[in-house]
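The structure under discussion appears below in the form of structure tokens.
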Amino acid sequence: NETKQVEFVSAPGVPATTFFVYDSSAPFYGYYSPISDPGYGMTGITDVQNWLEFSTGDEAGVGVPLPAGRVRVYQEDIDGAALLIGENSIDHTAKGEPVRLYLGNAFDLVGERIQTNFQMLASNIVEETYEIRLRNRKEDQAVEIRVPERLFRWSNWEIFNETDTFTKVDSANIEFRVTVQPGEERIIRYTVRYTWPN
């Protein structure tokens, strides 16, 4: 009636990065018909997610594929004890691929997303403006926050009057990445215009 745990892989000193995500735009299920309802897509999410990323490649010191299962992340406390900071599960991950772990929500980062303008410029043209406020309540750490935005109303869209640069991830998604200093509030604004055939 004995249970033994056998170590599968040991890889000390694997470099990992933490990043934060404020994901508050409406879910995207595909373009079926244009959405002109002004209230659709407005959210009240204020949580900023905390993520950890590392690679299973040789250059990171892992060099093996990882099986699906539960992963726990510990951080050394000030007295040297291991403090559990998050737990999640991963799928089977091939060697050389990135592993991204959601560790929970950051308690000292806050996000706010507000639709500040909505106009039907014509029966087939909608224009709306969003304002995204990111607050860093950390005392001594600047953080980069990734802000994915899903452009859910229709496939033909154009972004203008943006306050920050963005990356076009694919045909329906963009992402802003901004650095927020300790005690600072950063505001991202952008306007998107959708057009569709009459």
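The values are calculated or read from the model by the stated rules, or taken from the named source; none is laboratory data. From a predicted model like this one, the values you see are computed outputs, not experimental measurements. Heads up, the Cβs are rebuilt from the backbone with ideal geometry, glycines too, and the neighbour counts pull from every protein chain shown. Note: accessible area is taken over every heavy atom of the protein model, side chains too, but ligands, DNA and RNA are not part of it. Shrake-Rupley method; radii C 1.70, N 1.55, O 1.52, S 1.80 Å.
Whether a residue is over 30 Å from GLU53 (Cα atoms), surrounded by fewer than 17 Cβ atoms within 10 Å (Cβ to Cβ) and in contact (Cβ under 8 Å) with a residue 24 or more places away in the chain was assessed, and ASN173 does not pass this test.
Listed here are the residues, each with its yes/no results for (1) within 30 Å of GLU185 (Cα to Cα); (2) modelled with pLDDT of 95 or more; (3) under 22 Å from the mean Cα position of the chain (by Cα).
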| residue | (1), (2), (3) |
| --- | --- |
| SER36 | no, no, no |
| MET42 | yes, no, yes |
| GLY57 | no, no, no |
| GLU76 | yes, no, no |
| LEU83 | yes, no, no |
| ILE90 | no, no, yes |
| LEU101 | yes, no, yes |
| ILE114 | yes, no, yes |
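For the stretch 69-101, residues that are outside any strand (DSSP E or B), open to solvent by less than 50 Å² (accessible area, probe 1.4 Å) and among the aliphatic types (A, V, I, L, M) total 1.
For the stretch 1-56, filtering for residues that are in a loop (DSSP other than H, G, I, E, B), among the polar types (S, T, N, Q) and open to solvent by 40 Å² or more (accessible area, probe 1.4 Å) leaves 8.
The residues of the stretch 65-113 that are in contact with a Phe, Trp or Tyr (Cβ under 8 Å, 6 or more places away or on another chain) and of a type in the set (A, V, I, L, M), listed by number, are ALA82, LEU83, LEU84, ILE85, VAL99, LEU101, LEU103, ALA106, LEU109.
With respect to the conditions (1) open to solvent by 80 Å² or more (accessible area, probe 1.4 Å); (2) more than 19 Å from ASP23 (Cα to Cα), ASN124 lacks only one, and its number is (1).
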